[in-house]
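Everything on this sheet refers to the single structure shown next.
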Amino acid sequence: MIFALPKEGGVVGATAIAEAIKRGGGDIRGGTMIGNIVSSPDASAGTLLAACGVYCFGIPGGLIATVLVYIGNRICHDPGYAGTTGCFLATFMVYGGTLVGIPPSAFIAGMVIAILTVQGIWHPWSSKLLGYIWRLRN
């Protein structure tokens, strides 16, 4: 069953992605974070979708994006609500940015750069960066 939760909990696919990144020379902790990002609608995707929604339709567009991210969380059996919460809060942050002169397109560009940096330009490097941040946190 593709949407079943693993016995230890977490997002389906995150462990497999982490192991593949580790085999490619990356960091297992960073790979797990990348796996969670790739396998689930998360806060970065929610923020990007909120910015797109606000760009197109203002606050209602961001709220529609929030509902879509919530549905995505449920489809992926994501045990948390990071994407939904991130999308909801980002809707108002992006809209607030428009009030002080920061266009939603700037938020969209920033999120694309952040997502590419964290998720995908080169997995071994990005996983090591995330693993370093993880160790700093602890």
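The values are calculated or read from the model by the stated rules, or taken from the named source; none is laboratory data. In this text the structure is predicted, and so the values were computed from the model without any measurement. Backbone-built Cβ (ideal geometry, glycine too); neighbour counts: all protein chains shown. Surface accessibility is based on the protein's heavy atoms, side chains included, excluding ligands, DNA and RNA. Shrake-Rupley method; radii C 1.70, N 1.55, O 1.52, S 1.80 Å.
Some notes on this structure:
- Residue check for N73: under 26 Å from G13 (Cβ atoms), in contact with an Asp or Glu (Cβ under 7 Å, 6 or more places away or on another chain) and crowded, with 17+ Cβ neighbours inside 10 Å: no
Residues checked against (1) more than 23 Å from E19 (Cα to Cα); (2) hydrophobic (A, V, I, L, M, F, W, C); (3) assigned to a helix (DSSP H, G or I):
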{"residue": "L48", "(1), (2), (3)": "yes, yes, yes"}
{"residue": "C52", "(1), (2), (3)": "yes, yes, yes"}
{"residue": "G72", "(1), (2), (3)": "yes, no, yes"}
{"residue": "H77", "(1), (2), (3)": "no, no, no"}
{"residue": "T85", "(1), (2), (3)": "yes, no, yes"}
{"residue": "A109", "(1), (2), (3)": "yes, yes, yes"}
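- Scanning the stretch 11-43 for residues that are modelled with pLDDT of 70 or more, within 29 Å of A65 (Cβ to Cβ) and assigned to a loop (DSSP other than H, G, I, E, B) yields a single hit, G13.
- Checking each residue in the stretch 118-138 for being polar (S, T, N, Q) and open to solvent by 50 Å² or more (accessible area, probe 1.4 Å) picks out only N138.
- Only residues that are in contact with a helix residue (DSSP H, G or I) (Cβ under 6 Å, 6 or more places away or on another chain), modelled with pLDDT of 90 or more and within 19 Å of A109 (Cβ to Cβ) were counted across the stretch 53-96, and they come to 11.
- Scanning the stretch 49-70 for residues that are under 15 Å from M93 (Cα atoms) and either open to solvent by less than 40 Å² (accessible area, probe 1.4 Å) or among the small types (G, A, S) (or both) turns up A50, A51, G53, V54, G58, G61, G62, A65, T66.
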